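Here is the structure we will look at, set down as C-alpha cells.
The values are calculated or read from the model by the stated rules, or taken from the named source; none is laboratory data. Note that this is a predicted model, so its numbers are computed, not measured. Cβ sites come from the backbone with ideal geometry, for glycine too, and all protein chains shown count toward neighbours.
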Amino acid sequence: MQGQSWTKIKEILEGNKTGEEVNIRGWIYRKRSSGGIIFILVRDSTGVIQATIKKGDIPEEEFEKAERALIESSIKIKGIVKEDKRAPGGYEIKVNKFEVVNFAEPFPITEDHSEEFLLDVRHLWLRSRKLTEVMKLKAKVLRLIREWFDENDFYEVTPSVITLNAAEGGATVFSFDYFGQKAFLSQTAQMYLEALIFSLERVWSLTPSFRAEKSRTRKHLTEYWHLEAEEAWVDNEGNMKIQEELVSYVCQNIAKVAKDELEYLGRDVEDLKVIEPPFKRIKYKDAIKKLQDKGFDIEWGDDFGAPHERALVEGEDKPIFVTHFPVESKAFYMKISPDGKTVECADMLAPEGYGELIGGSERSEDIDSMIARLKADGAKIENYEWYFDLRRYGSVPHSGFGLGLERLVMWIAKLDHIRDAIPFPRTVTRVYP
Ligand code: NSS
C-alpha cells in the first residue's frame, strides 16, 4: 500500500465515494464480531466509519490480524464504499485488504473512569471524540481571531514570556532562578506590547501566561493562552469597541465554520449568531447596587466572585462590560478616572455565568502614581524603569486588553470546565502528563 492516495473518512461520509474502492488509514475506535464478520469502527482526524471484514473475502492471515487487533491499533484498509442505513454515518467499507501498522496493547481507557484518571491519561484521552471536537473548534477560533486582526490593521508580535515584571501583582507570579537572578514567568505581555505601539501603533500577540492561582475553580488554569492587543490613540471606550467587534466576529463566523463541532458539543449556533455589537456597559458602582438589590452581601471595593458574575449577566444573551472599578482593586498601570476613585477599565463578562472573558483598560501616563501603586504591591521599582521610559519619550493615550483563549473556547463550546479547552491543563494539583 505504498505510494497511493488516502481517502479521508469525511469524504466518504459526505457521499462522494459511494461504489468506489478507497484506501483509508486510522485507528480502531470500536470493534465487535458476529458469525464470521468483524465490524470495525475506524477513525481518522475527519470522522468515524464502519468497516466490515468478512471471513473468506480477505486472505486468512489478514482476517486473523483483524481478529487480534485491539482498539486503538493503527490500521490501513482497502475496500469498497457501500451506502448502508444501518451503519453509523450511513456508509460502510467492505474490506478486501487489511493491514495492521501497530498492534495496540489493551487500551487503559474503557468506560466509567474518574476525572482524575482521565487526567492521568490525558495524552490518550485526547483521542476522545469530545476533546477532538474541542481542539478543532479552538483551531478555528484562532484562525478567525487572526483574520480579524489582519483585517483591522493590527500587527502580530512575539513578546518574551521571561520577565522581571509582575504586572498583574506579586501574589500570583511564578518565579524561577534565571542564572542567579530572580525572574518571573509572564502573567501578561501587556508591558511589552505597550513598547511596540510606538513603532507599530496597533499590535496583538498570543502567548502563554502564567498565574500561580491557588484557587481551584472551573475557570482557572495556572498556564493559559493569552490573546492580547494594544492600541495607540485609543481610549477606554474605543478599546471596548474593538473588543466587542472581535468577539462578535468570532461568534458570528464560528457559527458558520464549526457547525459540526458545535452541534456535537451541545452549543446551539443560534446562541452565537445573536452576538453582535454593541455590548451593554455597566459601571462597577451600578453593578454593586444591582447585586445588593438582588440580595447579595457585597459593597464598594469588593471583588466579584462567580455567583456575582453570574447574577450580573442574568437574562443577557450577549456579553456585558463592567467598567470603572475602584483604583485599589485593579493593576498599577490603569489610568485613574477624573473622579480619582475609579480606573478607566472594563471587564467583559460572558453570558450564562462563564465569567470574565477579557480584562482591558486605558493605560496610565502618570509615572508617580504608578510608582506609588507598585510600591504598595512590594514591587522592585528599578525593574520598571524601562516601562516608565515609554511615558518619557513621546507618550500617547493608549489602551489594550487581554482575552483568555480557553475562557472564550469554554464559553463558545459550552464546556463545564476550562481544562477541556486546553490539551494539557496545568492546575494547582497537576503538571503530569
Ligand atoms: O488579568 S487580566 O484580567 N488582565 C491582564 O492580564 C491584562 N494585562 C491584559 C492586557 O490588558 N493586555 O487577564 C486577562 C484575561 C482574563 O479576562 C481571563 O480571560 C484570562 O485572561 N485569565 C485566565 N484564564 C485562565 N486561567 C487563569 N488563571 C486566568 N487569569 C486570567
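Counting only strands (runs of 3 or more DSSP E) that fall entirely inside segment 150-238 and contain at least 3 residues that are over 21 Å from residue 389 (Cβ atoms), touching a residue at least 12 places away in the same chain (Cβ under 8 Å) and within 24 Å of the chain's Cα centre (by Cα), the qualifying elements are 202-210, 223-232. Filter segment 352-397 for residues that are under 24 Å from residue 242 (Cα atoms), without any contact (Cβ under 8 Å) to a residue 40 or more places away in the chain and within 16 Å of the ligand (Cβ to nearest atom) and give the result. 364, 365 - these are the residues of segment 352-397 that are under 24 Å from residue 242 (Cα atoms), without any contact (Cβ under 8 Å) to a residue 40 or more places away in the chain and within 16 Å of the ligand (Cβ to nearest atom). Check whether at least one residue in segment 265-285 is touching a residue at least 12 places away in the same chain (Cβ under 8 Å), within 16 Å of the ligand (Cβ to nearest atom) and assigned to a helix (DSSP H, G or I), and report yes or no. Yes.
State whether one or more residues within segment 94-102 are of a type outside the set (Gly, Ala, Ser), within 16 Å of residue 10 (Cα to Cα) and in contact (Cβ under 8 Å) with a residue 60 or more places away in the chain.
Here is the first cut: in segment 94-102, the residues of a type outside the set (Gly, Ala, Ser) are 94-102.
Retained after the next criterion (residues that are within 16 Å of residue 10 (Cα to Cα)): none.
The answer is no; no qualifying residue exists.
Apart from one condition, residue 431 fits all of (1) touching a residue at least 12 places away in the same chain (Cβ under 8 Å); (2) closer than 23 Å to residue 226 by Cα; the exception is (1). All conditions in (1) touching an Asp or Glu at 6+ places or on another chain (Cβ under 8 Å); (2) of a type outside the set (A, V, I, L, M, F, W, C); (3) assigned to a helix (DSSP H, G or I); (4) within 25 Å of residue 132 (Cβ to Cβ) hold for residue 62, with the sole exception of (4).
Would you check if there is a residue in segment 119-142 being farther than 22 Å from residue 425 by Cβ, away from the ligand (no atom under 15 Å from the Cβ), at pLDDT 95 or above and surrounded by 14 or more Cβ atoms within 10 Å (Cβ to Cβ)? No: segment 119-142 contains no residue that is farther than 22 Å from residue 425 by Cβ, away from the ligand (no atom under 15 Å from the Cβ), at pLDDT 95 or above and surrounded by 14 or more Cβ atoms within 10 Å (Cβ to Cβ).
Residue 288 meets the stated requirement of being over 21 Å from residue 352 (Cβ atoms), of a type in the set (Val, Ile, Thr), more than 16 Å from the ligand (Cβ to nearest atom) and surrounded by 15 or more Cβ atoms within 10 Å (Cβ to Cβ).
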